[in-house]
Amino acid sequence: MITMNRLTFGPGLLAAALLVTAVPASAADSGGSLAKDLTATISLLGLPCGQVVSVTTQGNNDHLATCSNGSRYRVYVNAQGRVAAEKR
């Protein structure tokens, strides 16, 4: 189990978060599923966002997300294979 900001994540939820960024940019189908996935990922990481309103794919498993509150995050899989987000 992993505990972050008073939230506890089991192995299944962590695996789901890792799969979020494994979706290729071409899978950003109508309906904004990539934006919805990134919104959930940023929220699970405990970062303020609201809702992702735009996504720029910078590479495989590397996205720049712009949130409804004006925040921007780079969401990517780090060298340890974990999903990470850093404020931009």
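The values are calculated or read from the model by the stated rules, or taken from the named source; none is laboratory data. Remember, predicted model here, so these are calculated numbers, not experimental data. We place every Cβ from the backbone using ideal geometry, glycine too, and count neighbours over all the protein chains shown.
At a glance:
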read-out	value
Wholly within the range 1-73, strands (runs of 3 or more DSSP E) carrying at least 1 residues that are under 13 Å from the mean Cα position of the chain (by Cα) and at pLDDT 95 or above	52-59, 62-67
Within the range 74-88, considering residues that are small (Gly, Ala, Ser) and outside any strand (DSSP E or B), the one surrounded by the fewest Cβ atoms within 10 Å (Cβ to Cβ)	Ala79
Hits in the range 45-79 (condition: farther than 17 Å from Ser33 by Cα and β-branched (Val, Ile, Thr))	Val77
